[in-house]
1. Being among the polar types (S, T, N, Q), at the interface with chain A (Cβ under 9 Å from one of its Cβ atoms) and surrounded by fewer than 21 Cβ atoms within 10 Å (Cβ to Cβ) is the filter here; which residues of the stretch B:173-187 pass it?
2. Just to check your reading of the model, which residue among A:ILE34, A:ILE20 is exposed (fewer than 14 other Cβ atoms within 10 Å of the Cβ), within 25 Å of A:ILE137 (Cα to Cα) and either within 25 Å of the chain's Cα centre (by Cα) or at pLDDT 90 or above (or both)?
3. Among the residues that make up the stretch B:361-382, is at least one of them free of Cβ contacts under 8 Å to residues at least 24 places away in the same chain and under 21 Å from B:LEU447 (Cβ atoms)?
4. Name the one entry in B:ILE97, B:ILE132 that is under 22 Å from B:LEU17 (Cα atoms) and aliphatic (A, V, I, L, M).
5. So for the stretch B:188-200 (the condition being at the interface with chain A (Cβ under 10 Å from one of its Cβ atoms), over 24 Å from B:ILE60 (Cβ atoms) and either surrounded by fewer than 24 Cβ atoms within 10 Å (Cβ to Cβ) or more than 22 Å from the chain's Cα centre (by Cα) (or both)), does at least one residue qualify?
6. For the stretch B:443-458, does any single residue satisfy the condition of being more than 21 Å from the chain's Cα centre (by Cα) and of a type in the set (Phe, Trp, Tyr)?
7. Mind telling me which of the residues B:ILE132, B:ILE96, B:ILE92, B:ILE70 ends up being in contact (Cβ under 8 Å) with a residue 12 or more places away in the chain, within 12 Å of chain A (Cβ to nearest Cβ) and among the β-branched types (Val, Ile, Thr)?
8. Taking the options A:VAL136, A:VAL146, name whichever one is at pLDDT 90 or above and out of contact with any strand residue (DSSP E or B) (no Cβ under 7 Å at 6 or more places or on another chain).
Amino acid sequence: MCWGLSQVFALFWEFSMQSIILFGVLVSTYLMVIAKRTPALIRSFRYQSFCLFLATVIIALREHELDLYVVAGLLFILKVVFIPQLLYRTIKKIKASEELGLFINPQLSLLWALGFTYLSWVFAVYLIGAHDAVQVIMLAIAFFVVLAGIFLMIFRMTALAQIIGLLVMENGIFLLASMVSGGMPFFVEIAIFFDVFVSVLIMGFFVYKINKFFTHIDVNKLSRLKG
Amino acid sequence: MIYFILGIPLLLAIACLLVKKQRLLGILNAIGYLAVLFLSAILLKQIALSGVTRLFLGFICLDTLSAFFIFVIAVVVFASALYSIGYIKKDIEKGIISEKKARIYYLLFNLFCCSMFFVPSVNNLGMLWVAIEMTTLISAFLVGFYNKKESVEAAWKYIIICSVGIIFALLGTILFSYAFSISGLSKSLNWSDMVPVAHILDKNILKIAFIFILVGYGTKAGLAPMHTWLPDAHSQAVAPISALLSGVLLKTAIYAILRFGIIIIKGVGFAYFAHLMILLGVISLIVSSGFILVQKDLKRLLAYSSIEHIGIISIGFGLGTPLACAGALLHVFNHAVTKSFMFFGAGNIVSFYRKHNMNAIKGVIKALPFTGIMMLLGVFALTGFPPFSIFISEMMIIVAAFTKGSYLVAAILLLFLAVIFGAFINHFGKMLFGNLPKGMTKTSEPLTGKLAFLFLGLLICITAVALVFIKGEWIWIVQKLFLV
C-alpha cells in the first residue's frame, strides 16, 4: 500500500476531469457543426473556448508554471469574452440575416462530423500508437476540432462563419500544442495570441467592407474574379 | 547590421505618422531602403565568410541562406519604394486616392516590408510562423487598398485562404516540436537546435509534419493546387505591392519550406523531400501554363507566371544536386527582379489605359515609349531568353535534371517553358505593337519610375554576365549551404 487513498483520488480526479473537459470540447464542436444560425455558432464557440481554458488551467495547476496561468488568462479574455462579443456586435451592426446558409443540412453535417471523429482517431493511433490511451484521445479530439473547422469554412456560406471556422481550427491546434508537446515556448504562445487577435480584427473589418460593397456577407456570391 | 535592416522599416513606419507630405515620405522611403540594400549586401558578404551567426540571445540566427533571402527582399523593396513615389503621385493627381490615404499606403508598405525582413532573420520556427502570418494580415489591406468590389473580394479570399493554409503550417510546426520533445531533448523550436539532431527524430512524425508544412507554406508560396488566392490578390493590389507580393512574399514562404526541408533531408532522407517538391513543382508548371495560354487580364497573366516560376524553383530544389540548388536559389533572385520589373510595367500600362483587359490594350510602345521598350525586353527576360539572367538559372536547373538522369522532369520543364514562351510573346506582341486606340496620346513618365526600371534592368543583365565568371564560387557557396 504505497499509495494513500487521497493520492489515488487526486489522480482519478485529474484524469476524469481531463476527460470530461475533452468531452466538453467534443460536444461543443458537434453543436457547432449542426448549428443553423450564427448566434448559436458563436455561443458554441464560446463553450469550446471555455473548455480549452479549463484544460489549460488544469495543466497549469499540475505543472505550477506561471507561464501557463498567463496563457490561460489570455485565452479566457480573448476567446471566451472578447472575440465572441466582437462577433455578436458585428452581426448586430451589419444587420445581415442570421442564417448561416448551409450547403449541407444539419443531419448530413452530423454524419460528416462522425466520419471526421473516426478518421482523426485512426490518424492519432497511427501517429503515436495505441499504448497511451489518454494521449491518443487528446490527439484525436484535437485533429477532429481542426477538421470541423475546415468543414465549417467550406460548407457554410457567410463570411462570419468562415471567421469562426478559422478560430475553431486555431482552437484545435491550441489543444494539440498544449496537450501533446507541453505547450509552445512562452513568447511564441503570446505572439500567436496576438496574431489571432489581430487577424480577427482585420477579418471583422473586411466583413464590414463586404457588407458595404455587396450588401450581403454571402461569400458564395463573391465571384467577380475568375480565371 | 541586422538590427538596422529590421529597424529602418520600423522607423520609416513611424515617420509616416509624423510627416504630413506624402512626396517627402516617398523620398524618405527610397533613401531608407537604399541604405537597407547596402547593409544587406554587406551582411550577405559577412555571413558568407563567417558562417552561422547568432544574435540577441539566439532569437535571431543568420546563415548564408537567410542572408541571401534578406538581400533579395532588400533589392525588390528598394525598387518598389522608388517606383511608389511616381505611382502614388499619379494616383493622387487622378483623384483615385487622397493625400491622407497615400500616407496610410506608406505606413502599410513599411510594416509589410518589416514583417518580410523578420521572416528570414528569426531562429524560432514558431516566430517564423508568426512573421509570415503578419505579412498576410498587413498586405491584405494593401490588396484591398482601392476599395472597389473586386479588390475587397480579392482581399477576403487572400486573407481567408492564406490564413487557413498557414494554420496547417502551424500544425506542422507543432508536430516538428513534438518530434523534438519525444526524442528526449530539451524543449526548443529553434532551427539551429533542430538541424544537428534531425537524424534521431521520429521519422513517421517528421514525414506527416512536413506534408502539413508543405501544404501550409505552399499555399503562401503559390504552389498549385493551393494557388487560388494568388491571381486575385496580385491583380487587385497596388502595382508596387503586386511587385512585392510576387517578387518576394512568395519567396519568404519558399524560405520557410527550405528551413523545414533541411531538417527533413537530414531526418528522413532526401528522396522524400525531392519527390514532394518535384510533384508540386510540376503541377504548378502545368496548371499555370494552361491559364497563361487563355488569359485575358494583364496582371493575372503575370500572377500565373509567378506560379510557373515558383514551380520551377521548387523543381530545382527537388532535384537537389548542387547545380540544381544553385540554379533554384539563383532563380529566386532572378525571378524576384524580373517579375517586379514586369509588374512595374504593367502598373504603368494599367494606369494609362485604366483597363486590365489585354484585348483593349494596344500600341503601348507608341503611348508609353519607355515602358513599352522596357516591357519588350522584360518579356524576353521573363520567358528565359538567352542574354538575360533567368535563362541562366533555368538552364542550370535543366542541365542538372539531365545530368541527374531525371529525363522526364527535364522534358516536362522544356515543353511547358516553350508553351509559356509562345503564349507570352503572343499576348505581349498584341499589346505592345499596333496603333493607339482613338483619343489617347503619348504621355511622359515620372523619373523615379524610370530609375526603378533601370535599376532592375541592370540587375537582370549584370547577374547574367557575372555568373559566367563566378559560377564556380556560386555553386561552392550553395554546396556549403545544403550539404552540411
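1. Just the residues of the stretch B:173-187 that are among the polar types (S, T, N, Q), to begin with: B:173, B:177, B:181, B:183, B:186.
If we keep only those that are at the interface with chain A (Cβ under 9 Å from one of its Cβ atoms) too, we end up with B:173, B:177, B:181.
B:SER181, the sole residue that qualifies.
2. Details: A:ILE34 fails: exposed (fewer than 14 other Cβ atoms within 10 Å of the Cβ).
Result of the check over A:ILE34, A:ILE20: A:ILE20.
3. Here is the first cut: in the stretch B:361-382, the residues free of Cβ contacts under 8 Å to residues at least 24 places away in the same chain are B:373, B:380.
Add one more test, that the residue is under 21 Å from B:LEU447 (Cβ atoms), and what stays is B:373.
For the stretch B:361-382, residues free of Cβ contacts under 8 Å to residues at least 24 places away in the same chain and under 21 Å from B:LEU447 (Cβ atoms): present.
4. Details: B:ILE132 fails: under 22 Å from B:LEU17 (Cα atoms).
On inspection, the qualifying residue turns out to be B:ILE97.
5. First, pick out the residues of the stretch B:188-200 that are at the interface with chain A (Cβ under 10 Å from one of its Cβ atoms): B:188-190.
Retained after the next criterion (residues that are over 24 Å from B:ILE60 (Cβ atoms)): none.
Taking every residue of the stretch B:188-200 in turn, none turns out to be at the interface with chain A (Cβ under 10 Å from one of its Cβ atoms), over 24 Å from B:ILE60 (Cβ atoms) and either surrounded by fewer than 24 Cβ atoms within 10 Å (Cβ to Cβ) or more than 22 Å from the chain's Cα centre (by Cα) (or both).
6. No, that holds for no residue.
7. Working: B:ILE96 fails: within 12 Å of chain A (Cβ to nearest Cβ); B:ILE92 fails: within 12 Å of chain A (Cβ to nearest Cβ); B:ILE70 fails: within 12 Å of chain A (Cβ to nearest Cβ).
Matching residue, one of B:ILE132, B:ILE96, B:ILE92, B:ILE70: B:ILE132.
8. Working: A:VAL136 fails: at pLDDT 90 or above.
None of the others qualify; the one that does is A:VAL146.
The values are calculated or read from the model by the stated rules, or taken from the named source; none is laboratory data. Predicted, not measured: the structure shown is a model, and the values here were computed from it. Cβ coordinates were reconstructed from backbone atoms using ideal geometry, including for glycine residues, and neighbour counts include every protein chain displayed.
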